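Everything below concerns the one structure shown next.
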């Protein structure tokens with residue numbers, strides 16, 4: 001054995017000891033890593049369990065929501081139709097099935113629309129259901145973000161029936177009110193005419209008195225005739241198809257028509273033309289009668305020596321025609337009532353003049369109202385639409 005052998009053994013032992021030391025260190029690190037990994041696995045498992053629980057809860061909630069929505073769709077009185085992106089019908093709720101009948105799933109929505117007839121309301125259609133009942137339905141479409149669409153069907157049959165019944169009742173009520181007002185308005189001149197006529201039969205009546213009673217009887221009969229004529233005009237809504245009318249000619253006819261009354265009542269009448277078109281679209285006779293009615297009404301309440309003014313101007317809303325007087329004005333509580341049939345504050349009025357004037361203006365597409373802010377008398381304002389201008393300005 002050489003002298004170097006013990007030294008080699010010592011080096012081998014050192015290397016072995018170093019190897020064991022590295023192995024022990026690696027083992028400790030491995031154990032630590034495994035322990036950390038176990039903790040991470042446990043943490044991830046806990047998080048996964050929480051996520052699974054949340055997912056299960058969300059799924060359960062969505063299932064519950066879907067069930068509630070399904071029950072809601074089944075209970076809805078409106079029809080709901082689900083369509084695919086290609087227009088094919090996927091499903092119908094019970095209300096839609098009742099309206100449209102069975103056998104539509106898988107068929108095209110456009111095919112279904114061919115079985116409907118247009119109604120005279122927005123999005124309205126006439127439908128004959130599976131029982132042969134004619135319904136009026138309203139169709140509305142909502143596009144879905146992911147493709148496809150939902151079609152809503154509203155059955156308006158009963159609503160339209162109730163509206164027609166309500167309108168009929170309102171017409172009957174208005175007719176009853178009109179008849180009551182008409183009877184009241186006719187009673188006064190009729191009673192006066194009968195009284196004057198009875199005086200005519202008195203023996204020994206002087207000729208002058210007989211003439212006076214005859215004239216007063218005739219006046220009351222003419223008042224009755226005017227009342228009946230105004231009533232017929234109001235009920236019929238007499239108006240001819242509008243045409244292009246020179247505004248100056250219309251104003252001249254109004255001026256000539258009221259000149260006699262102005263002289264009799266000692267009231268002036270002025271027309272102030274500020275800005276106006278040459279032509280307007282109107283039924284000249286009826287529109288003139290509405291203006292004459294307003295002017296005569298103003299003169300009836302104007303004191304002697306005052307002036308009734310008709311102003312004409314262009315505004316953003318259209319052609320403005322204002323009849324202004326210096327009378328006592330209209331009480332605020334009567335501002336709208338004076339436009340109702342048979343409502344009047346005049347002892348010699350029929351109560352139909354302002355109602356008829358507003359009806360005529362409305363039929364011309366305009367408005368008539370009392371300017372409540374005018375404090376120096378009464379101011380009635382008519383706004384009429386202008387004739388649309390063509391591209392060449394003609």
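The values are calculated or read from the model by the stated rules, or taken from the named source; none is laboratory data. Computed from a predicted model, the values in this text were never measured in an experiment. Note: ideal-geometry Cβ built from the backbone for every residue, glycine included; neighbour counts use all protein chains shown.
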Legend entry - Subset of the range 262-284 (residues that are closer than 15 Å to residue 362 by Cα and surrounded by fewer than 20 Cβ atoms within 10 Å (Cβ to Cβ)): 281, 283, 284
Legend entry - Test for residue 169: is it surrounded by 10 or more Cβ atoms within 10 Å (Cβ to Cβ), within 26 Å of the chain's Cα centre (by Cα) and over 24 Å from residue 71 (Cα atoms): yes
Inset, instruction - Within the range 277-298, work out how many residues are within 19 Å of residue 256 (Cβ to Cβ) and either in a strand (DSSP E or B) or under 31 Å from the mean Cα position of the chain (by Cα) (or both). - result: 12
Inset, instruction - Taking residue 78 as meeting all but one of (1) surrounded by 10 or more Cβ atoms within 10 Å (Cβ to Cβ); (2) modelled with pLDDT of 85 or more, write down the number of the exception. - result: (2)
Inset, instruction - Return the only residue of 97, 60, 85, 45 being free of Cβ contacts under 8 Å to residues at least 60 places away in the same chain and assigned by TED's automatic domain parsing to the domain that holds residue 149. - result: 97
Legend entry - Tally of residues being part of a strand (DSSP E or B), within 21 Å of residue 352 (Cα to Cα) and in contact with a helix residue (DSSP H, G or I) (Cβ under 8 Å, 6 or more places away or on another chain) across the range 311-338: 4
Legend entry - Residue check, residue 301 in contact (Cβ under 8 Å) with a residue 60 or more places away in the chain and over 31 Å from the mean Cα position of the chain (by Cα): yes
Inset, instruction - Output the qualifying pairs, or none if there are none: Cβ atoms under 8 angstrom, residues six or more apart or on different chains, first residue in the range 103-117 and touching a residue at least 40 places away in the same chain (Cβ under 8 Å), second residue surrounded by 15 or more Cβ atoms within 10 Å (Cβ to Cβ) and assigned to a strand (DSSP E or B). - result: 109/81; 109/83; 109/88; 109/89; 109/151
Inset, instruction - Could you grab me the full set of residues in the range 299-310 that are assigned to a helix (DSSP H, G or I) and surrounded by fewer than 21 Cβ atoms within 10 Å (Cβ to Cβ)? - result: 300
Inset, instruction - May I ask you to say which residue of 80, 151 is touching a helix residue (DSSP H, G or I) at 6+ places or on another chain (Cβ under 6 Å), more than 30 Å from residue 341 (Cα to Cα) and in a strand (DSSP E or B)? - result: 80
Inset, instruction - Find all pairs meeting these conditions: Cβ atoms under 8 angstrom apart; at least six residues apart or on different chains; first residue within the range 178-197 and farther than 18 Å from residue 353 by Cα and outside the structural domain of residue 340 (by TED's automatic domain parsing); second residue surrounded by 12 or more Cβ atoms within 10 Å (Cβ to Cβ) and at pLDDT below 80. - result: 190/220; 190/224; 192/220; 193/220; 193/224; 196/220
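One line per residue, one yes/no per condition, for (1) surrounded by 16 or more Cβ atoms within 10 Å (Cβ to Cβ); (2) modelled with pLDDT under 75; (3) at positive phi:
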position	(1), (2), (3)
146	no, no, no
180	no, yes, no
191	no, no, no
214	no, no, no
231	yes, yes, no
Legend entry - Residue under evaluation residue 126, criteria (1) in contact (Cβ under 8 Å) with a residue 12 or more places away in the chain; (2) closer than 16 Å to residue 158 by Cα, criterion not met: (1)
Inset, instruction - Would you check if there is a residue in the range 336-359 being surrounded by fewer than 20 Cβ atoms within 10 Å (Cβ to Cβ), in contact (Cβ under 8 Å) with a residue 60 or more places away in the chain and touching a strand residue (DSSP E or B) at 6+ places or on another chain (Cβ under 7 Å)? - result: no
Legend entry - Qualifying residues in the range 128-142 (those that are modelled with pLDDT of 80 or more and surrounded by 11 or more Cβ atoms within 10 Å (Cβ to Cβ)) - the one nearest to the chain's Cα centre (by Cα): 138
